[in-house]
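Undergrad: One structure follows; several queries about it will come next.
The values are calculated or read from the model by the stated rules, or taken from the named source; none is laboratory data. From a predicted model like this one, the values you see are computed outputs, not experimental measurements. FYI the Cβ positions are ideal-geometry reconstructions off the backbone, even for glycines, and counts take in every protein chain you see. Quick note on the areas: whole protein, heavy atoms, side chains included, nothing else; ligands and nucleic acids left out. Shrake-Rupley method; radii C 1.70, N 1.55, O 1.52, S 1.80 Å.
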Amino acid sequence: MKQIVMVGPRKSQIIDVPIPTITDDQLLVKVTYTGMCHSEWYPWSIARPGDIFGHESVGVVAKCGKSVLGFKEGDRVTGLGGGGYKEYIVMEPDKTCHVPDNLRDEDAIAEPLACLLSAAMKMQWNTLGDPIAVVGAGYMGLGMISLFKAMGYGDIVAIDKRPEARANALKMGATEALAPEEIPAEYRLDWKAIDTPDLTRDGHKTDIFGIGFQRVMEFTGTEDGLQLAGELVCAHGRLGIGGYHNDGLRTIDYKLWNFKAMETINCHERRIMYEAGLCRRCLMLLSRGIWKFTGVTTPFYSMEEFDRANEDMELHRDGFIKGVVRC
């Protein structure tokens with residue numbers, strides 16, 4: 001079978017490797033698509049020979065171990081594990097879920113959807129109709145916006161540097177979409193807005209609870225995006241960090257975060273079996289139309305186009321939101 005393997009920074013090749021064997025308790029899945037995750041862009045750009053990527057798969061069961069229940073050959077499946085941009089993967093039944101008949105393969109790649117649902121559960125509103133800000137309107141930010149709309153948030157303010165990202169955010173349910181330089185003063189509780197910090201416990205010169213947002217979600221993965229998201233949080237508000245910050249260290253104004261007594265929460269998920277359950281829940285929400293987040297996964301690339309696909313993701317060419325590789 002074919003598999004994509006890195007030969008160095010920004011350069012891959014396709015090699016032939018044996019089709020994996022399975023135990024009595026496993027599934028062999030013929031991969032249809034592997035989704036491109038932006039968390040792997042930076043590792044691709046600095047890759048070492050032999051590195052492999054890919055963790056967002058959807059496909060068809062090619063073979064069932066004789067002890068496996070609930071699956072049969074020909075079932076469309078997705079879930080967690082297996083990994084890699086390759087034609088066949090081994091999956092564990094308890095981390096695998098069926099793709100509903102009314103969902104297309106490219107809309108049912110469950111791993112990133114489960115990450116979004118996990119983040120959303122950490123960013124619930126205090127009162128139905130509360131406002132929220134989302135910084136970063138790439139694929140994950142758009143999914144978050146549409147999910148926040150389904151959850152019952154009211155005003156959803158999207159912030160992104162790119163005009164096409166802001167237009168996409170409005171399509172996904174944002175009530176307002178702004179470039180960073182367009183942010184109104186009442187949305188931003190930075191030192192300029194605070195003026196002189198008051199630590200006397202006699203009150204504050206500024207309404208630090210009335211400026212900014214009680215809930216802010218960051219999905220940029222960049223230092224300036226993280227700094228901006230922190231400035232949008234009001235006193236005693238919550239910042240959810242969903243961007244994957246893997247290209248270096250981050251410098252933030254922690255004194256500002258200290259003064260605002262804001263809460264920060266890492267919205268990534270590492271509880272594998274919990275996330276596997278979220279995969280199933282996400283597919284149900286999409287299938288029933290409760291979560292309206294389909295039709296955003298384009299374009300489609302061949303395995304030979306993998307490096308160009310990463311360049312397209314890097315540069316957001318031709319309205320790129322999320323790409324998938326045919327395996």
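Undergrad: So E56 ticks every box in (1) surrounded by fewer than 22 Cβ atoms within 10 Å (Cβ to Cβ); (2) among the charged types (D, E, K, R); (3) within 26 Å of the chain's Cα centre (by Cα) but one. Which box is left unticked?
TA: Of (1) surrounded by fewer than 22 Cβ atoms within 10 Å (Cβ to Cβ); (2) among the charged types (D, E, K, R); (3) within 26 Å of the chain's Cα centre (by Cα), only one is false for E56: (1).
Undergrad: For the subset of region 221-252 comprising residues that are open to solvent by 30 Å² or more (accessible area, probe 1.4 Å) and touching a strand residue (DSSP E or B) at 6+ places or on another chain (Cβ under 6 Å), which member is nearest to R162 (Cα to Cα)?
TA: It comes out as I241.
Undergrad: Okay, moving on. Of all the residues that make up region 31-50, how many are surrounded by fewer than 17 Cβ atoms within 10 Å (Cβ to Cβ) and of a type outside the set (S, T, Y)?
TA: Total satisfying the criteria: 5.
Undergrad: When you scan region 203-220, how many residues do you find that are open to solvent by 10 Å² or more (accessible area, probe 1.4 Å) and under 14 Å from the mean Cα position of the chain (by Cα)?
TA: Here the count works out to 2.
Undergrad: Related question: Do you know which of the residues in region 122-141 that are of a type outside the set (S, T, Y) and part of a helix (DSSP H, G or I) is surrounded by the fewest Cβ atoms within 10 Å (Cβ to Cβ)?
TA: The extreme case among them is M140.
Undergrad: What number of residues within region 284-320 are surrounded by fewer than 21 Cβ atoms within 10 Å (Cβ to Cβ) and in a loop (DSSP other than H, G, I, E, B)?
TA: 10
Undergrad: Further question on the same structure: Is it the case that E164 is open to solvent by 30 Å² or more (accessible area, probe 1.4 Å), more than 25 Å from I265 (Cβ to Cβ) and either touching a helix residue (DSSP H, G or I) at 6+ places or on another chain (Cβ under 7 Å) or hydroxyl-bearing (S, T, Y) (or both)?
TA: yes
A quick yes/no check of all residues on (1) assigned to a loop (DSSP other than H, G, I, E, B); (2) touching a Lys or Arg at 6+ places or on another chain (Cβ under 9 Å):
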| position | (1), (2) |
| --- | --- |
| S12 | no, no |
| T32 | no, yes |
| W44 | no, yes |
| G54 | yes, yes |
| V58 | no, yes |
| V68 | yes, no |
| F71 | yes, no |
| T78 | no, no |
| G81 | yes, yes |
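Undergrad: Something else now. Test each condition in (1) under 26 Å from G277 (Cα atoms); (2) touching a residue at least 40 places away in the same chain (Cβ under 8 Å); (3) not in a strand (DSSP E or B) for G50 and report the one that comes out false.
TA: (1)
Undergrad: Please go through region 167-178 and pick out each residue that is more than 21 Å from D318 (Cβ to Cβ), open to solvent by less than 30 Å² (accessible area, probe 1.4 Å) and not in a strand (DSSP E or B).
TA: G173, A174 - these are the residues of region 167-178 that are more than 21 Å from D318 (Cβ to Cβ), open to solvent by less than 30 Å² (accessible area, probe 1.4 Å) and not in a strand (DSSP E or B).
Undergrad: Looking at region 253-283, which of its residues are out of contact with any strand residue (DSSP E or B) (no Cβ under 9 Å at 6 or more places or on another chain) and open to solvent by 50 Å² or more (accessible area, probe 1.4 Å)?
TA: Residues satisfying the conditions are D253, Y254, K255, N258, R270, R271, I272, M273, Y274, R281.
Undergrad: Only residues that are surrounded by fewer than 16 Cβ atoms within 10 Å (Cβ to Cβ) and out of contact with any Ser or Thr (no Cβ under 7 Å at 6 or more places or on another chain): list them for region 73-121, please.
TA: The answer is E73, G74, D94, D101, R104, M121.
Undergrad: Return the only residue of R238, R270, R288, R201 being of a type outside the set (A, V, I, L, M, F, W, C) and in contact (Cβ under 8 Å) with a residue 12 or more places away in the chain.
TA: Among R238, R270, R288, R201, only R238 is of a type outside the set (A, V, I, L, M, F, W, C) and in contact (Cβ under 8 Å) with a residue 12 or more places away in the chain.
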